[in-house]
Number of protein chains: 2
Amino acid sequence: MASDHTRSAILAAAERLYADRGFGDVTLRDIVAEAGVNLAAVNYHFGSKDELIAELFVTRSIATNRERLRELKAAEEDGGGRAPIEVILRALVGPTLRGCLGPENQRSTAARFMIRASIESVPPIRRIKNREIDHLRKFAGAMRRSLPDRSDVDIYWGLNFALAMAHHTIRESERLTKLSEGKCDLDDVEDVVARVVSVATMALTAGKAEAKAPARALARDAR
Amino acid sequence: MASDHTRSAILAAAERLYADRGFGDVTLRDIVAEAGVNLAAVNYHFGSKDELIAELFVTRSIATNRERLRELKAAEEDGGGRAPIEVILRALVGPTLRGCLGPENQRSTAARFMIRASIESVPPIRRIKNREIDHLRKFAGAMRRSLPDRSDVDIYWGLNFALAMAHHTIRESERLTKLSEGKCDLDDVEDVVARVVSVATMALTAGKAEAKAPARALARDAR
DNA sequence: TTGCAATTCAAACAGTTGTATGAAACTATC
DNA sequence: GATAGTTTCATACAACTGTTTGAATTGCAA
């Protein structure tokens, strides 16, 4: 408790290495070498390798979640308990996108770590992600208040698609850049946020009956 | 060459195990035990563990890609070289969704394997996915022909979002079911396809100038 | 049958992994 | 400055990994 030096040196080194090389091929020995501490230090301070990874991920994701809720709460207070759907969606995907995209050379270690965490799915992180449901429910609630005419099903699908676009864009940002030959500028984070929010809003506010019927009418049977 | 028996027994056993337990904790010894063959057989027939995984994944994904292109080609021929955007999008996301969703108890081993492959990202599979760009370009081309007024940037973003919604829904289908308390029915695959296609279509056909500007106007600065 | 190649097999190999141990070094309190 | 508690360290451990080897077996052609 006196000197957290070793502890935080390990955290920093681990985050850096995982960010750069992924979870797959970073061993405890790599981490302690980078941190300049003894091999046994990890198990002494964190219990196990998985608990180290979990602590890293938890720290970063509660920070993001706090930021999300802060934006959400501010928006609902502004609107007297009811926020515009665009603002809610912005609070949902904005912090994550801002945290993970942007010019690569000025991307923080934390950001690069979180990208890794969303690309490579490793057991301790997956366990934590599964507990994120309560957090998402708060957004579902706000969305329901914002769009009282919408059915729950539509709300959940809208939420799902918003997260889908944000996370997939982060995960596959490299591929999108390559595919579009650089025409899609992933460094312009606010543009990305605007695009995601805009599409998610359309998904949530489009004419209710139309959503299913016409799409179905276009169904073609596979020969 | 004479008897592929061992070879295909390995492929089948590996696919089954990976589908059930993920890539993380299935060893060669697990596979050969399940297949009832000798440990050395994997290296004899496939060269290495990674090449075995790669062969599994390639087989399944060329099947999906072929199906996609078949639908796309049929649609474009129907329309004299220009297909409606909904049909193109349906050809893009339909085969994947149909292959991976649907009632769990009647989900094929192949489907469960592909879900795993999209959740756990393992090196040999990632290498293959990176070569999928050429395939996606064909869809970008068809979309451009279908929406000649749209800019390339918008086309690529629409493509990206369509894939995002499809893949994320597959990856997180369990979470969406839990979050919505079963209200979102992921077993009704055609409904899922219709929802994805509908939203992606809106993303691609919404008023051009509006896409960016109004969303930006709603931007709030963090206090 | 004989000969030759393809396949199977048991066994060992070589390397790496996360973790545990017990002694040494340190730190702060009295 | 002795003591008790914390932290560091070198080292060993035990298990597991994918891969290789070389001999046995099989299948097929001449």
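Read-outs: derived from the displayed coordinates by stated rules, not from any lab. Keep in mind it's a predicted model, so treat the numbers as computed, not measured. Backbone-built Cβ (ideal geometry, glycine too); neighbour counts: all protein chains shown.
Expressed in Å, the radius of gyration and Dmax of the Cα atoms of region A:30-159 are 18.2, 60.
For A:His5, A:His167, B:His45, the sequence from fewest to most other C-beta atoms within 10 Å is A:His5, B:His45, A:His167. Look at the dipole of chain A built from charges on Cβ: of A:Cys184, A:Asn130, A:Leu11, the Cα furthest out on the positive end belongs to A:Asn130. Maximal additional length on extending the B:Asn105-B:Ile119 stretch stands at 3.1 nm, based on 0.36 nm per residue less the C-alpha distance.
Each Lys and Arg adds +1 at its Cβ and each Asp and Glu adds -1 at its Cβ; summed about the Cα centre, region A:57-207 shows a dipole of about 680 debye. A:Asp152 label point (Cα plus 7 Å toward Cβ) to equivalent points in the other copies: 4.7 nm, shortest first. Within the listed set B:Lys49, B:Lys73, B:Lys183, the residue fluctuating most in the Gaussian network model of chain B (springs between alpha-carbon atoms under 10 angstrom) is B:Lys183. Here's the list of aspartates and glutamates a cross-link from B:Lys183 could span, going by alpha-carbon distance under 16 Å and ignoring same-chain residues fewer than 8 apart: A:Asp152, A:Asp154, B:Glu172, B:Glu174, B:Asp191.
Shortest first, A:Asn130 label-point distances to identical copies amount to 3.2 nm, with the label point at 7 Å from Cα along Cα→Cβ.
As a proxy for reagent exposure, A:Ile133, B:Ile53 were ordered by neighbouring Cβ count within 10 angstrom, fewest first; the result is A:Ile133, B:Ile53. A Förster distance of 51 Å, applied to the separation of the beta-carbon atoms of A:Asn130 and B:Asp134, puts the FRET efficiency at 0.90. With θ taken as phi - 60° and the Karplus curve 6.51 cos²θ - 1.76 cosθ + 1.60 applied, the whole-hertz 3J(HN,Hα) list for region A:8-13 is 6, 5, 5, 4, 5, 5 Hz, x standing for glycine and proline.
With the charge dipole of region A:57-207 set up from +1 on Lys and Arg Cβ and -1 on Asp and Glu Cβ about the Cα centre, the Cα lying farthest toward the positive end among the listed residues A:Gly102, A:Leu69, A:Val197 is that of A:Leu69. Charge dipole (Cα centre; +1 on Lys/Arg Cβ, -1 on Asp/Glu Cβ; no other charges) of region A:155-202 amounts to roughly 260 debye.
Shielding value for B:180-188 is 3, the average number of Cβ atoms from other chains within 10 Å of each residue's Cβ.
Note on chain A: GNM, Cα springs under 10 Å; of A:Ser118, A:Ser146, A:Ser180, the largest mean-square fluctuation is that of A:Ser180. Label-point spacing at A:Asp185 relative to the other copies reads 4.6 nm, in ascending order, each point sitting 7 Å out from Cα along Cα→Cβ. Go through A:Lys73/A:Lys129; B:Lys129/B:Lys178; A:Lys49/B:Lys178; B:Lys49/B:Lys129; A:Lys178/B:Lys49 and tell me which ones have a Cα-Cα distance over 20 Å in this structure. Cα-Cα > 20 Å for A:Lys73/A:Lys129; B:Lys129/B:Lys178; A:Lys49/B:Lys178; A:Lys178/B:Lys49; rest within. Take the Cβ atoms of B:Arg29 and A:Asp78, set R0 to 45 Å, and the FRET efficiency comes out at 0.15. If you look at the Cα atoms of the protein assembly as shown, you get an Rg and a Dmax of 22.9, 76 Å.
Placing +1 on the Cβ of every Lys and Arg and -1 on the Cβ of every Asp and Glu, with nothing else charged, gives the protein assembly as shown a dipole about its Cα centre of roughly 260 debye.
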